[in-house]
């Protein structure tokens, strides 16, 4: 076995030893779900900042940042970083939910405001999101150990998933927070190494030239991100769960800082794509660029992907435990050991089921990507969450408002997913806005958000009118 073959496994071993050194040895049920320490209570500001930031700098997002930088130049990375405004949107919305309503979780708020059915629909969307977080991150991390479908690839999938499940099983959200802190520091150091390597070459060549059409396409993507940011963060329990584990004011401050740090990380990492575009490298920039610099840089990228994949997976497992053991049952009482035991089995279930889409490669070159694309719940599908959370202050808005906002967005998202996977024209071409590959998405999201918001307001008006008539009849 050559050094090239052994080296990634040595990186994995080093990562395992680092994480194992910082993981908690024993936690209470309150720590398992709340993430606090046994002595100080709530997690500290900077621990929450680091945890929230690194969980959104996941393996797939790093790859996407590089690809978008290569595709659209500078606007690709900036456009992708716009999504990190979700931290501010979610932080402010949850601050109001907590301070005005006194709610301790998103699920308890939804039950009280829109009823149990609406809460269950939301949790189903969350479960699909968690499901997709597993395979998308293990796949990106495992590709550094072998070609897709190879023995090394599958061993890496099992190793990454198994080790992350091990320390998540033991410590829940507390494990996630502590390891996230170490993972954030490691990721920052590795990013410095990447920038120090490609920076001189990028300075020498200058930023890659882009045509007016490419710039317009990049701006279209940035516009899409700006629309989706109003809803996108609410369907990510990795983010929303962390919005309830510290005092409201501390949470908002931490989320703003985390958004700036994580968004900055994404912009900086998109320079990998800029470098690939500048020197004309073909293929995925997150693989092609380190390959161009040789084994040391490949190992740095390998470590970055392991770090980012692990930080997202452990958060996914912790959120799955909470969703299955508490939120789905509308069980908002203080957590017990029984809750934690039940939550651990949900971790195991999502770890196993979440990797099943990786088996789709055996169905053929065309079937695999189509199946994966069809299972991905996009920001489009949850566009209706924007009015559901941001207009929740409208008192008459109840269950009807929820459904008139939620279902149109879901239908738009399903139609768009089917259209992308099959080529069928399910949505009118007149909906396109801007130019390039994301013109359809921008139009669908902008018009769709208007429809969802209108539906929400109509629902509130109907509920208010019904209540008035009922009061008059009495």
Within the stretch 141-149, does at least one residue satisfy the condition of being assigned by TED's automatic domain parsing to the domain that holds residue 355, surrounded by 19 or more Cβ atoms within 10 Å (Cβ to Cβ) and part of a helix (DSSP H, G or I)? yes
If you take the residues in the stretch 350-383 that are modelled with pLDDT of 70 or more and out of contact with any helix residue (DSSP H, G or I) (no Cβ under 7 Å at 6 or more places or on another chain), which one is farthest from residue 401 (Cα to Cα)? 362
When the residues of the stretch 268-289 are filtered to those that are surrounded by fewer than 20 Cβ atoms within 10 Å (Cβ to Cβ) and assigned to a helix (DSSP H, G or I), which remaining residue is modelled with the lowest pLDDT? 287
Only one of 60, 120 is surrounded by fewer than 24 Cβ atoms within 10 Å (Cβ to Cβ) and closer than 22 Å to residue 221 by Cα; which? 60
All but one of (1) exposed (fewer than 14 other Cβ atoms within 10 Å of the Cβ); (2) in contact (Cβ under 8 Å) with a residue 24 or more places away in the chain; (3) over 22 Å from residue 213 (Cα atoms) hold for residue 465, so report the exception by its number. (2)
Taking the stretch 433-449 and keeping residues part of a loop (DSSP other than H, G, I, E, B) and surrounded by 17 or more Cβ atoms within 10 Å (Cβ to Cβ) leaves 433, 434, 435, 436, 438
So residue 420, is it buried (at least 18 other Cβ atoms within 10 Å of the Cβ), on the phi < 0 side of the Ramachandran plot, outside the structural domain of residue 219 (by TED's automatic domain parsing) and touching a residue at least 12 places away in the same chain (Cβ under 8 Å): no
Considering only residues that are part of a loop (DSSP other than H, G, I, E, B) and at pLDDT 85 or above, look in the stretch 1-35 and name the one that is surrounded by the most Cβ atoms within 10 Å (Cβ to Cβ). 35
Pairs under 7 Å by beta carbon, first residue closer than 13 Å to residue 56 by Cα in the stretch 181-192, partner modelled with pLDDT under 90 and not in a helix (DSSP H, G or I), six or more apart or different chains? 187/57
Would you check if there is a residue in the stretch 290-302 being at pLDDT below 90 and not in a helix (DSSP H, G or I)? yes
Only residues that are touching a residue at least 24 places away in the same chain (Cβ under 8 Å) and within 15 Å of residue 327 (Cα to Cα): list them for the stretch 340-358, please. 340, 343, 344, 346, 347
Matching residues in the stretch 303-339 - criterion: being in contact (Cβ under 8 Å) with a residue 40 or more places away in the chain, within 12 Å of residue 33 (Cβ to Cβ) and outside any helix (DSSP H, G or I): 332, 334, 335, 336
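The values are calculated or read from the model by the stated rules, or taken from the named source; none is laboratory data. As the structure is a prediction and not an experimental result, all values here were calculated from the model. Ideal geometry is used to build each Cβ from the backbone, glycine not excepted, and the neighbour counts take in all protein chains shown.
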